Amino acid sequence: MIDKTMTSLTIRRPDDWHLHLRDGAMLQAVLPETARHFGRAIIMPNLVPPVVTARQASDYRDRIMAALPGDMDFTPLMTLYLTEDTDPLDVANAHANGVATAVKLYPAGATTNSASGVTNFDRVRPVLETMAEIGMPLCVHGEVTDPDIDIFDREAVFIDKVLKPLRKKVPDLKVVMEHVTTQHAVDYVRDHRKNLAATITTHHLIINRNHILAGGIKPHYYCLPVAKREAHRIALVQAAISGDKRFFLGTDSAPHTDPAKLQSCGCAGIFTAPNTMSCLAEVFEAAGKLTKLEAFTSLNGPQFYGLPPNEATITLQKGDPVTYPGSIETADGPVTVFDPGFDLHWRVTENP
Ligand code: DOR
Ligand code: ZN
């Protein structure tokens, strides 16, 4: 069903529940692209070296705030990178002081800068139990790293082999399955009502694996978890437009310079910060569910994290195709902006 009747939509200012801002020159260049439309974002800690301690998170937050243009209103919600040496007390203090909102679990070797992640999940049990007690969410990169497991199956195997046992051992832990890419993950979240939610990226609602591999390899569509077949993309769209409170936006906007992506071993990550809201409006409109956009981008996330929705609003207006720059310049080199492969008609205006 195509909803062609609406031409204007005012919603609470959205939040991004999974974002890579990087550091230094890259941070400077990409931060305004998110702060322009989003009120808050969960900031990924996979810097080099990673953001492990409360002190590191607090310092990183200071660098983000220093890079924020004076006229922009944006709150970074910090995460701590979970290692097998993470101190439960440091995590609890970071949470109590408002320095860190969540902890991020990367299985060691799963993705960009995840070498310090977790190999033996029993070793992080004390941290997870502390988090369960204080109600601090765990954000999970849900892919196994076993080289024998096909890359397209790594999310499904992670759910069965790691996540299910882990949630059984620490049932009170609040878990966000990040950037889900499969029907399997959507079903798992739908079937488990307690302490579980999932973020969905902009690009996984739009591309499938053909976009990456058919008719020539497209490095700018390569990310992790890698996009799956079309049936999975459709399952993600169904989850996003359903209004179900356990699904919300986490763009996983992950900038890499073009030289870092366009090489024999290119980096994983898609930069969607500039045009995400226009892309999402197009996806929700095509599904006849524009009225559910606000729940996905602005209401469900805060509710899971126990925060109020943003007071401010944005308005999306439909008109002639709106263009975004193909890339943004950074002192490290150009960063290509996600190309959805179709025209965008919805432009975003901030409301005073
Ligand atoms: O595609 C990705 N890029 N997936 C991740 O999990 C990490 C991210 C990055 O940091 O570039
Ligand atoms: Zn990410």
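The values are calculated or read from the model by the stated rules, or taken from the named source; none is laboratory data. Source: prediction; values computed, not measured. Here the Cβ positions follow ideal geometry from the backbone for every residue, glycine too, while neighbour counts run over all protein chains shown. Heads up: the accessible areas ignore ligands, DNA and RNA and are worked out on the full protein's heavy atoms, side chains in. Shrake-Rupley method; radii C 1.70, N 1.55, O 1.52, S 1.80 Å.
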Task: Considering residues of segment 230-276 that are part of a loop (DSSP other than H, G, I, E, B) and without any contact (Cβ under 8 Å) to a residue 24 or more places away in the chain only, the residue farthest from ligand 1 (Cβ to nearest atom) - done: 264
- [ ] Can you work out which of the residues in segment 114-124 that are away from ligand 1 (no atom under 14 Å from the Cβ) and touching a Leu at 6+ places or on another chain (Cβ under 9 Å) is most open to solvent (accessible area, probe 1.4 Å)?
- [x] 121
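Can you confirm whether segment 42-64 contains a residue that is within 20 Å of the chain's Cα centre (by Cα) and part of a strand (DSSP E or B)?
Applying the first criterion (within 20 Å of the chain's Cα centre (by Cα)) to segment 42-64 yields 42-48, 50-52, 57, 60-61, 64.
Going one step further and asking which of them are part of a strand (DSSP E or B), we end up with 42-43.
Yes, segment 42-64 contains at least one residue that is within 20 Å of the chain's Cα centre (by Cα) and part of a strand (DSSP E or B).
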TODO: Say whether the condition of being surrounded by 18 or more Cβ atoms within 10 Å (Cβ to Cβ), part of a strand (DSSP E or B) and either away from ligand 2 (no atom under 16 Å from the Cβ) or modelled with pLDDT under 95 (or both) is met by at least one residue in segment 95-113.
DONE: yes
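Picking from 252, 258, which residue would you name as being surrounded by 24 or more Cβ atoms within 10 Å (Cβ to Cβ) and under 30 Å from residue 329 (Cα atoms)?
Numbers: 258 fails: surrounded by 24 or more Cβ atoms within 10 Å (Cβ to Cβ).
Just a single option satisfies the conditions, and that option is 252.
This table checks each residue for (1) closer than 16 Å to residue 235 by Cβ; (2) within 16 Å of ligand 2 (Cβ to nearest atom); (3) in contact (Cβ under 8 Å) with a residue 40 or more places away in the chain; (4) assigned to a loop (DSSP other than H, G, I, E, B).
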position: 145; (1), (2), (3), (4): no, yes, no, yes
position: 153; (1), (2), (3), (4): yes, no, no, no
position: 158; (1), (2), (3), (4): no, yes, yes, no
position: 163; (1), (2), (3), (4): no, no, no, no
position: 166; (1), (2), (3), (4): no, no, yes, no
position: 189; (1), (2), (3), (4): yes, no, yes, no
- [ ] Mind counting the residues in segment 147-200 that are surrounded by fewer than 19 Cβ atoms within 10 Å (Cβ to Cβ), of a type in the set (A, V, I, L, M) and over 16 Å from residue 124 (Cβ atoms)?
- [x] 3
Task: Cβ-Cβ under 8 Å pairs, at least 6 apart or on other chains, segment 169-185 side touching a residue at least 24 places away in the same chain (Cβ under 8 Å), far side of a type in the set (Val, Ile, Thr) and part of a loop (DSSP other than H, G, I, E, B) - done: 179/201; 181/226
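Which one of these is out of contact with any His (no Cβ under 6 Å at 6 or more places or on another chain), over 16 Å from residue 178 (Cα atoms) and open to solvent by 60 Å² or more (accessible area, probe 1.4 Å): 90, 23, 85? Talk me through it step by step, then tell me what you get.
Numbers: 90 fails: open to solvent by 60 Å² or more (accessible area, probe 1.4 Å); 23 fails: open to solvent by 60 Å² or more (accessible area, probe 1.4 Å).
On inspection, the qualifying residue turns out to be 85.
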Task: Count of residues meeting criterion [open to solvent by 20 Å² or more (accessible area, probe 1.4 Å), in contact with a strand residue (DSSP E or B) (Cβ under 7 Å, 6 or more places away or on another chain) and either within 16 Å of ligand 2 (Cβ to nearest atom) or among the acidic types (Asp, Glu) (or both)] in segment 34-76 - done: 1
